[in-house]
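The values are calculated or read from the model by the stated rules, or taken from the named source; none is laboratory data. If you're wondering where the values come from, they're calculated on a predicted model, not measured in any experiment. No Cβ is skipped: glycine too gets one built from the backbone with ideal geometry, and neighbour counts run over all protein chains shown. Heads up: the accessible areas ignore ligands, DNA and RNA and are worked out on the full protein's heavy atoms, side chains in. Shrake-Rupley method; radii C 1.70, N 1.55, O 1.52, S 1.80 Å.
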Amino acid sequence: MRILLIGDIVGKPGRQIVLRAVPGLRIAERLDLVVANAENAAGGSGLTPEIFQELIAGGVDCITMGDHIYRRREIYSVLERDPRIVRPANYPPTAPGRAFTVLSPAGQAPVAVFSLLGRVFMPPVDCPLHAAEQVLAQLPPDVRVVLLDFHAEATSDKQIMGRYLDGRVSAVLGTHTHVATADEQILPGGTAFQCDVGMTGPHLSIIGRRIDRVLETARTFRPTHFEVATEDCRLHGTIVEIDPETGRARAIRRLMVTQPEAEQFAALARGQAG
Ligand SMILES: [Fe+2]
Ligand SMILES: [Fe+2]
């Protein structure tokens, strides 16, 4: 089974490259499931019901979020009723959304997806290790394939989670920093791991925002509107190949799709459709 996790989709440029690339990527990479972190999809912060639908219609099967999850309150109702989106599992049970979901990719074994927030430079949340235990204890016994999006700042925290869950989940993949790390690996127990899968959005930027605005605020402390940048849009993500019988990872590979490559994927999808 082959699963792609797409890193934080930032604003319209991020959404556009996802919509151009994903249908063709599904074919070219023989993907069974596409999961995307969309916490920055609406104007750089949060997610709206319309954008949720747009991404699902564009070939994304499931959406994870992060610390920006509730920036747009319109998303609460989607979080409460749609099984294709999860909230961080270490938020309180009263927070809108579900702590995990189980998906059924066509002709494949069921896949559980959940996300957790780290605790460095993050809003105060429950212990992510403890919350991971609670999610695993609730999973139906026939679910062997489990993907965790660990939305956290510190690479050390991410390594702790990877080692803690090694052999008990199929993949621990990081998001939130918007910078891909070159440490993709399969841990000894069979869990695919990477500190951060990167950002899907404009890379001529400071983590997706206009360089001039961020620099002005950094230099002068004068607040500016951190507008989403526009240039050098790329899709970053990671593909994990998993044995559906055991839930163990067989391979992990970083993925970067540039804009010209996204157009090639769009042409491939058109060709298959026609
Ligand atoms: Fe983000
Ligand atoms: Fe984040």
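Here are the numbers for this structure:
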| read-out | value |
| --- | --- |
| Matching residues, region 1-49, being more than 16 Å from ligand 2 (Cβ to nearest atom), in a loop (DSSP other than H, G, I, E, B) and either open to solvent by less than 10 Å² (accessible area, probe 1.4 Å) or in contact with a helix residue (DSSP H, G or I) (Cβ under 8 Å, 6 or more places away or on another chain) (or both) | L31, T48 |
| Qualifying residue in region 80-97 (condition: more than 16 Å from ligand 1 (Cβ to nearest atom), in contact with a strand residue (DSSP E or B) (Cβ under 7 Å, 6 or more places away or on another chain) and aliphatic (A, V, I, L, M)) | yes |
| Any hit, region 53-67, residues being more than 19 Å from T258 (Cα to Cα), under 12 Å from the mean Cα position of the chain (by Cα), among the acidic types (D, E) and within 16 Å of ligand 1 (Cβ to nearest atom) | no |
| Among the residues listed as P88, P123, P83, P96, the single one being under 21 Å from Q53 (Cα atoms), touching a residue at least 40 places away in the same chain (Cβ under 8 Å) and of a type outside the set (V, I, T) | P88 |
| Every residue from region 184-217 that is in contact with a His (Cβ under 8 Å, 6 or more places away or on another chain), open to solvent by 30 Å² or more (accessible area, probe 1.4 Å) and within 16 Å of ligand 2 (Cβ to nearest atom) | I207 |
| Qualifying residue in region 163-173 (condition: on the phi < 0 side of the Ramachandran plot and within 16 Å of ligand 1 (Cβ to nearest atom)) | yes |
| Unmet criterion (only one of (1) within 16 Å of ligand 1 (Cβ to nearest atom); (2) open to solvent by less than 20 Å² (accessible area, probe 1.4 Å)) for T181 | (2) |
| Single unsatisfied condition, Y70 versus (1) within 30 Å of A229 (Cβ to Cβ); (2) outside any loop (DSSP other than H, G, I, E, B); (3) aromatic (F, W, Y) | (2) |
| 2 or more residues farther than 23 Å from K12 by Cα and in contact with a Leu (Cβ under 7 Å, 6 or more places away or on another chain): qualifying strands (runs of 3 or more DSSP E) within region 152-263 | 171-175, 192-194 |
